[in-house]
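What follows is calculated from the coordinates using simple rules that are stated; it is not laboratory data. A quick note: this is a predicted structure, and the numbers were derived from the prediction, not measured. In this analysis, Cβ positions are derived from the backbone assuming ideal geometry, glycine residues included, and neighbour counts consider all displayed protein chains.
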Ligand code: NAD
Ligand code: FES
């Protein structure tokens, strides 16, 4: 069992947990993820490691409540126990040194970018960060990203904070004035595809971190299959980081949407159950 030591509500739908998991904390590296289960009936939830504290033996995750399982996770409190947490999974991100690197994080995707940006910053790369959200109240980790960036651009889709527009618009500007060696983009699939298309004409290597649907997380079930450069790859064991110019985003999007109806039904049932419990408690 894995204890939740700290819970922080970043914005109403995005939460941070610090979880006691000494063996995972000891080995975790930027780019890797964990898969957790709340209880024996629980779905396996893959989440990027936001940070770790080897001395305390803890890992930090940040997640958005988007469906039944993440809503149930978000309802857990400090002191509660998760049934299991497996990791670190996936390949760590390749180390870089003395390069000019743009780190793009969209929405809750800023969380998986943070650890990579910090590691790049510590390894003497020049880090330009671009973080964006739909609106000011949904922007996360601004201060943390500032501390690991030499330059930072902030965007909101509605213009309520920072620059008005998508992260891709700031990325275009950076490419024009300050050609980087590498771009790393993490966020919704549409955003990662758009970033890869923006950098393609400039010939700048672009890495994306995919969040495919997963089951085992070790390359055995085939659930997280993705086409990269015309070849089948598994996000969990060959990734999650891939060359964005080679990913078949159209296929990825159709695979991501396969269980939308089931997810909708499960979320509705969960909300109804919570309402019943609330009525009984009152
Ligand atoms: P969102 O829809 O609010 O988008 C966040 C930002 O991404 C926007 O502010 C915008 O700047 C940019 N963006 C979105 N669509 C774009 C487009 N078509 N073109 C250019 N830029 C675009 O994101 P959210 O609600 O915070 O994130 C939810 C999604 O992120 C879910 O689908 C989730 O699965 C995914 N996600 C991915 C990862 C990962 O590791 N890749 C991690 C966490 C969440
Ligand atoms: Fe099963 Fe990747 S999750 S192969």
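By how many degrees, between 0 and 90 and to the nearest 10, does the Cα long axis of helix 110-122 differ from the longest principal axis of the chain? Its long axis makes an angle of about 50 degrees.
Which of 33, 259 has the fewest other C-beta atoms within 10 Å, and how do the rest follow up to the most?
Ranking 33, 259 by Cβ neighbours within 10 Å, fewest first, gives 259, 33.
Between the helical axis of 167-177 and the longest alpha-carbon principal axis of the chain there is an angle of about 20 degrees.
Taken along the Cα-to-beta-carbon direction at a fixed 7 Å, the label points for residue 172 and residue 151 span 1.7 nm.
Distances longer than 36 Å among the Cα atoms of the chain: what percent of all pairs is that? In whole percent, the share of Cα-Cα pairs in the chain beyond 36 Å is 13.
Relative protection proxy for 260-271, 221-232, from highest mean packing down: 221-232, 260-271 (other beta-carbon atoms within 10 angstrom). Each label was represented as a point 7 Å from its Cα along the Cα-to-Cβ direction; for residue 71 and residue 54 these points are 4.0 nm apart.
Using C-alpha pairs under 8 Å with a sequence gap of at least 6, the mean separation divided by the residue count of the chain gives a relative contact order of 15 percent. With r as the distance between the Cβ atoms of residue 8 and residue 98 and R0 = 30 Å, compute the FRET efficiency 1/(1 + (r/R0)^6) and round to 0.05. For R0 = 30 Å, the calculated efficiency reads 0.30. For residue 1 and residue 261, what does the FRET efficiency come to when R0 = 41 Å and r is the distance between their Cβ atoms, rounded to the nearest 0.05? The pair residue 1/residue 261 has a calculated efficiency of 0.80.
Mean residue ellipticity at 222 nm from the helices of the chain, using -39,500 (n - 2.57) per DSSP H segment of n ≥ 4 over the full residue count, to the nearest 500 deg cm²/dmol? Value at 222 nm, helices only: -9000 deg cm²/dmol. Angle of helix 260-281 to the longest C-alpha principal axis of the chain, folded into 0 to 90 degrees and rounded to 10: 50°. Across segment 93-240, the relative contact order, built from alpha-carbon pairs under 8 Å that are at least six residues apart, equals 20 percent. What's the FRET efficiency of residue 179 with residue 250 using the Cβ-Cβ distance as r and R₀ = 25 Å, to the nearest 0.05? Calculated value: 0.30.
In plain terms, the residue of 212, 237 with the fewest other Cβ atoms within 10 Å comes first and the most crowded comes last, giving 237, 212.
Let me check against my output: what whole-number percent is the relative contact order of segment 49-178, with C-alpha pairs under 8 Å and at least 6 apart?
Relative contact order comes out at 17 percent.
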